Amino acid sequence: MIEIKNLHKSYPIGKDSLHVLKGIDLHIREGEFVSIMGSSGSGKSTLLNIVGLLDEHDEGDYYLNGQLIKNLNEKKAAILRNKFLGFVFQSFNLISYKTALENVALPLYYKGVSRRERLKTAMEYLDKVGLKDWANHLPSELSGGQKQRVAIARALVTKPKVVLADEPTGALDSTTTDSVMDLLKDINDEGMTVFVITHEEEVAAQTKRVVRLKDGVIISDELTKKATQSA
Amino acid sequence: MFDLDRWREIFQSISKNKLRSVMSGFTVAFAILLFTLLFGVVNGLSNTFKEAFADDAMNSIFVRVWKTSKPYKGLQTGRRIQLKNKDYDFVKENYESKIEHLTARIYRNVNISYKNKQDNYNLRAVHPDHQFLEKTIVDEGRYLNDRDLKERAKVIVIGRLIKEDIFGEKPALGKRVNMNGISYKIIGIFSDDGNDNEERIVYMPVTTAQMLYGNNDYISQINVGYNPKLNLDQAIAFGNKIERDLKKKLDIHPDDQSALRVRNMAEANKGVGQFMGILYVLVIIIGSGTLIAGIIGISNIMIFVIKERTKEFGIRKALGAQPSSIIGMVVQESVLITTLAGYLGLSFGTYLLSLIGNSLEEDYFIKDPSVSSGIVIGATITLILAGLIAGYLPAKRAARIKPIVALRAD
Ligand SMILES: Nc1ncnc2c1ncn2[C@@H]1O[C@H](COP(=O)(O)OP(=O)(O)O)[C@@H](O)[C@H]1O
Ligand SMILES: [Mg+2]
């Protein structure tokens, strides 16, 4: 599903450049539940953004669903994101003037689905994250955990191949963290590839594979107890 | 083009962000309001001028005579000049192709009496063409004709107000009145767009007057209606030529302004035309200045608005929005706001103008100020274009921002 070979990424900082990813090799197969661990500034988000086609890499190869990602223009990238990827951000990134339902339905709008169909599907996914009764509330009327569940519903509504979550529990307390992780686990159980960034060991422990980053290189990549249990 | 979902997105974005939308719309509405008022007021001025000339035909040239003020060819100063039939014929024969209407005029004061009523009025003895030169409107009966002139008929056409003075509500047409001891038949009653005095005038055949008042061939004045095909400059040249030729014919010094005077409406028209032209140019300059200020205003606000929405665009992009969709959304929103706001400004302006109406006519010479539909359409097109430009440039820049950068924006 995701295949990365010798990936490099630098950010220009004034005259210099900051070498953030220094040769990453990573292969994630369909249906995996992977977490990336690492201290702050180790390049986790950078990696996830490249995988999510929100940013471009400098060197190395990246295959998404078998397709080489190279010199993508914005339009193609948008189509691929809409088709294959679902995003969950730490800061939720819901559109403030849209209701929960409308937020969830938005990716379907960009997919060209009819309005009726959009709202129906969006409602199903809201139901799935347990927020059917909150469909017509604005994000400002929801708690952090609820917002993140709306964001997850939005990420899932197009039935993407991969869900990318950048510290989805970073802004949540431990109970809501657990409910969000349970949700991601359910999604994975249904066969979706899930790729989570976290710096909490407990969160990583609930995934099936932990990749550890340090200073832009992978220092370990191992399966968790969960993986061995379910295998 | 008509994408209901897109419109829904835009309406939502506008209605959920009212302050922002109102702010963007305000500059445009204000600019258009000013533009409308300005244009309306100038139109009002123009109407006043047009009105001032409505009394007589616009293509008139009047020839009048008085006493000489310069000696010429051994003739003395102070010589009284008299126009005669042969001068009228001279004009008629020499400039036929340039003349549409031609009439002589003789002025007299008359006393009209009918039964026990009587009053004094101004008489004009004229040719039939006078009707067109004076824009006389015949309400009842008919105007003078060539036969009346040939037969020196004792017939008159009286103004509407004379009829009211003397006959009141009773019919006057066909009645005979006594005018300075001679009986005349009323063959027509007329009205006139000029002032009331114009409707207290008696018209009679020029030949009848010449026979009855002195039995001579004198005339007081010659009125020419030049061919409307002549442009203003040609008409002015024509007036000058008549003046030169008649002065020569009557032995008047070419520079004698007192002995023979030609009043040419073409000259006045040209003056008014130039004045209005300058006024319109001014309005167009000020108006487009205002419009441009409005466009710059909305562009600035759009830049601000788009900056504020950068993160939203980042989110939309992450969810699969293509750059064209972002641009389209912003541009459409901008066009919608400018058009609506502009229309609001226009309507309010037109409403204000209609309130003003004719109330400023007396003191400020502004009559019925209003804007034409051409202006409205032009302004609307300008607005749509303005919205397009104001929205497109910043939207394009916004769409180019990488989603990751946009997402990081606050
Ligand atoms: N757009 C950028 N421009 C410059 N430096 C950046 C940019 N994005 C991230 N960085 C830097 O790259 C490093 C890695 O960032 P990031 O991938 O966000 O780390 P993490 O998510 O692991 O905390 C950090 O030092 C960060 O400051
Ligand atoms: Mg990060």
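The values are calculated or read from the model by the stated rules, or taken from the named source; none is laboratory data. Note that the structure is a prediction, hence the values are computed from the model and not measured. Cβ atoms come from the backbone with ideal geometry, glycine included; neighbour counts cover every protein chain shown. We work out accessible area using only protein heavy atoms, side chains counted, and drop any ligands, DNA or RNA first. Shrake-Rupley method; radii C 1.70, N 1.55, O 1.52, S 1.80 Å.
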* Asked: Quick one: putting +1 on the C-beta of Lys and Arg, -1 on the C-beta of Asp and Glu, what dipole do you get for the range B:100-226 around its Cα centre, in Debye to the nearest 20?
  -> 640 debye
* Fraction of accessible area attributable to carbon and sulfur, the range B:265-410 (%, probe 1.4 Å) -> 71 percent
* To do: Above 37 angstrom, tally the Cα pairs of the protein assembly as shown and express them as a % of all pairs, no decimals.
  => 60 percent
* Residues of the protein assembly as shown: accessible area per residue at 1.4 Å, in Å²? -> 48 Å²
* With springs only between Cα atoms under 10 Å apart, run a GNM on chain A and tell me which of A:His27, A:His57, A:His199 wobbles the most. => A:His27
* Asked: Among A:Thr46, A:Ile28, A:Gly14, whose Cα sits farthest toward the positive end of the charge dipole of the range A:1-52 (+1 at Cβ of Lys/Arg, -1 at Cβ of Asp/Glu, about the Cα centre)?
  -> A:Gly14
* **Selected from B:Met265, B:Met23, B:Met58 as most flexible by GNM, with chain B as the system and alpha-carbon contacts under 10 Å** => B:Met23
* **Computed over chain B: relative contact order in percent, which uses C-alpha pairs under 8 Å that are six or more apart** => 28 percent
* Extreme residue, positive dipole direction of chain B, given options B:Ser324, B:Gly74, B:Met58 (C-beta unit charges) -> B:Ser324
* Structure fact -> Here the range B:208-220 yields Karplus 3J(HN,Hα) values (6.51, -1.76, 1.60; θ = phi - 60°; whole Hz; Gly and Pro given as x) of 4, 5, 4, 6, 7, 9, x, 6, 10, 10, 7, 9, 8
* If the limit is 32 Å between Cα atoms, which of B:Lys154/B:Lys229; A:Lys44/B:Lys317; A:Lys70/A:Lys111; A:Lys44/A:Lys70 go over it? -> B:Lys154/B:Lys229
* Contact order normalised by residue count of the range B:100-226, Cα under 8 Å, 6+ apart, percent -> 38 percent
* Structure fact -> XL table A:Lys98/B:Lys311; B:Lys150/B:Lys185; B:Lys86/B:Lys150; A:Lys120/A:Lys161; Cα-Cα > 18 Å flagged, in table order, is A:Lys120/A:Lys161
* Fraction in percent of alpha-carbon pairs per bin - 5 Å, the range A:107-216 -> 2, 11, 22, 22, 20, 12, 7, 3, 1, 0
* To do: Compare the peptides A:8-15, B:76-83 by average per-residue count of other Cβ atoms within 10 angstrom and give them in order, highest first.
  => B:76-83, A:8-15
* To do: Please state, rounded to one decimal and in Å, the Kirkwood hydrodynamic radius that chain B gives when every pair of distinct Cα atoms enters the mean of 1/r.
  => 26.9 Å
* Along the charge dipole of the protein assembly as shown, Cβ charges K/R +1 and D/E -1, which of A:Val104, B:Gly188, B:Leu383 sits furthest on the positive end? -> B:Gly188
* Peptide A:152-158: average number of partner chain Cβ atoms within 10 Å per residue? -> 1
* About its Cα centre, how strong a charge dipole does chain B have in debye, to the nearest 20, once Lys and Arg get +1 and Asp and Glu get -1 at the Cβ? -> 740 debye
* To do: Return the value, in Å² to the nearest 100, of accessible area buried between chains A and B (probe 1.4 Å, both sides summed).
  => 2500 Å²
